[in-house]
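A.B. asks: Before I ask anything, let me first share the structure, which is written out below as C-alpha cells.
Where a number appears in this text, it was derived from the coordinates with a stated rule and is not lab data. Everything numeric here is computed off the predicted structure, so don't read it as measured data. Cβ sites come from the backbone with ideal geometry, for glycine too, and all protein chains shown count toward neighbours.
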Amino acid sequence: MTIKDTPEAWEIRATETPFVGNKTSVRTDEVVMPDGSVVKRDYQVHPGSVAVVALDGEDRVLLIKQYRHPVRQKLWEIPAGLLDVPGENPLHAAQRELYEEAHVKAEDWRVLTDVYTTAGGCDEAVRIFLARDLSEAEGERFEVEDEEADMEHARVPVDELVRGVLAGELHNNCLVVGVLSLVAARAGDGLDALRPAEAPWPARPFES
C-alpha cells in the first residue's frame, strides 16, 4: 500500500454560501455518503496561503510576532500571507510577503512542504518555502497597518525553535510545520534535495 493522499470528490446534492467575508466565505454542502445518506458539511472557503522559513547564515530563522484576535494571543510566526490573486504564482507571493513583512530578499528558494491547515473545516492550502542566502531588500520599507503595525521581529536559532515547539511555547502552525520539516529535511536527503520553488501544487494550480 502506498501512503499518499489521493484526490476524490463525493457527490454534492446541493450547496449554499450563508456567509461571504472580505477574504473568505462559509459554504454548506449536502454530501452523499458511501451508504447513500446525505449529510450537511459546513466549511470555510479560503484562497490559500504561502509562508516562508527564511534561514540566515547563522542558522537562525526570521520570525515576526503578531496579534491574532481569534486566539487572543501574540504569536511568533514565520512571514506568511494570502494568495490574493487567483492563479498567482506562489513563489512570487512568498517573495512579496518576505519583503513586506521583513524587508528581506533571498537568492535561494525551495519548497519545504505543502499542508492543509484544517482539512475538517477549511479548504485552506499552504505552501511553505525555504528561503536562504538572505539580504536586506532595496528600496523603501513597505507601509504596514492594522495588526502588522505592531509587529516585532527576531532571528532565532533553529534548535531554540524546536525546543519551543516541543515545549508547547510556540503554536503557529506554519512555524511548527516549517521548522520541524526543515530539521527532517536536513536529517534526510539534505536541503538541496528539496523540491524546486516552482514545483507543481495541485491544491492551488498557478501560472508560471
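A.B. asks: Using DSSP to define loop residues, name the GluC sites (Glu not before Pro) in the range 8-99 whose beta-carbon has at most 15 other beta-carbon atoms within 10 Å.
C.D. replies: Details: sites: 8, 11, 16, 30, 58, 77, 88, 97; in loops: 8, 11, 58, 88.
Of the GluC sites (Glu not before Pro), the ones in loops of the range 8-99 whose Cβ has at most 15 other Cβ atoms within 10 Å are 8, 11, 58.
A.B. asks: Over the chain, with a Gaussian network built from C-alpha contacts below 10 Å, which listed residue (37, 49, 25) shows the highest mean-square fluctuation?
C.D. replies: Comparing 37, 49, 25 in a Gaussian network model of the chain, the most mobile one is 37.
A.B. asks: Quick one: if the Förster radius is 30 Å, what FRET efficiency do residue 186 and residue 71 give, using the C-beta to C-beta distance and rounding to 0.05?
C.D. replies: Values: r = 30 Å, r/R0 = 1.00.
So, using R0 = 30 Å, E works out to roughly 0.50.
A.B. asks: In whole Å, what is the distance between the alpha-carbon centres of the range 52-129 and the range 157-187?
C.D. replies: About 14 Å separates the Cα centre of the range 52-129 from the one of the range 157-187.
A.B. asks: While we're here: Can you tell me how much longer the chain between residue 152 and residue 38 gets when fully stretched, taken as 0.36 nm per residue apart minus their C-alpha distance, in nm with one decimal?
C.D. replies: Working: separation 114, 0.36 × 114 = 41.04 nm, distance 4.79 nm.
Residue separation times 0.36 nm, minus the Cα-Cα distance, leaves 36.2 nm.
A.B. asks: Continuing with the same structure: Among 65-72, 173-180, how do they line up by average Cβ neighbours within 10 Å per residue, starting with the highest? Let's see the in-between values first.
C.D. replies: On the way: 65-72: 11.4, 173-180: 21.1.
So the peptides 65-72, 173-180, ranked by packing, come out 173-180, 65-72.
A.B. asks: Still on this structure, I have one more. Among the listed pairs 23/74; 74/105; 23/65; 40/74, which are separated by more than 32 Å between their Cα atoms?
C.D. replies: On the way: 23/74 22 Å; 74/105 25 Å; 23/65 22 Å; 40/74 35 Å.
Correct reply: 40/74.
A.B. asks: Hey, another quick one. Go ahead and estimate [θ] at 222 nm for the chain from helices alone: -39,500 (n - 2.57) per DSSP H run with n ≥ 4, summed, over the residue count, rounded to 500. Don't jump to the answer; show the numbers that get you there.
C.D. replies: Working: 3 runs with 37 residues, N = 208.
Mean residue ellipticity at 222 nm (helix-derived): -5500 deg cm²/dmol.
A.B. asks: May I ask you to list, by number, the DSSP H helices of the chain whose Cα span along the axis is at least 20 Å and whose average Kyte-Doolittle hydropathy reaches 0.5 or more? Walk me through the intermediate numbers first.
C.D. replies: Working: long enough: 173-187 (21 Å, 1.79).
Helix filter hits for the chain: 173-187.
A.B. asks: Can you sort 3, 64, 12, 78 from fewest to most other Cβ atoms within 10 Å of each residue's own Cβ? Could the numbers behind the result be given before it?
C.D. replies: Values: 3 4, 64 19, 12 13, 78 27.
If I rank by nearby Cβ atoms, fewest first, I get 3, 12, 64, 78.
A.B. asks: Give me the percent relative contact order of the range 1-154, please, defined on Cα pairs under 8 angstrom at least 6 residues apart.
C.D. replies: 23
A.B. asks: Then there's this: What percentages make up the Cα-Cα pair-distance distribution of the chain when the bins are 10 Å wide from 0?
C.D. replies: 8, 30, 35, 19, 7, 1
A.B. asks: Figure the gain on full extension for residue 136 and residue 8 (residue separation times 0.36 nm, minus the Cα-Cα span) and round it to one decimal in nm. Could you put the intermediate results ahead of the total?
C.D. replies: Values: separation 128, 0.36 × 128 = 46.08 nm, distance 4.38 nm.
Residue separation times 0.36 nm, minus the Cα-Cα distance, leaves 41.7 nm.
A.B. asks: How much length would be gained if the chain were fully extended between residue 92 and residue 45, taking 0.36 nm per residue of separation minus their Cα-Cα distance, in nm to one decimal?
C.D. replies: Gain in length upon complete extension: 14.7 nm.
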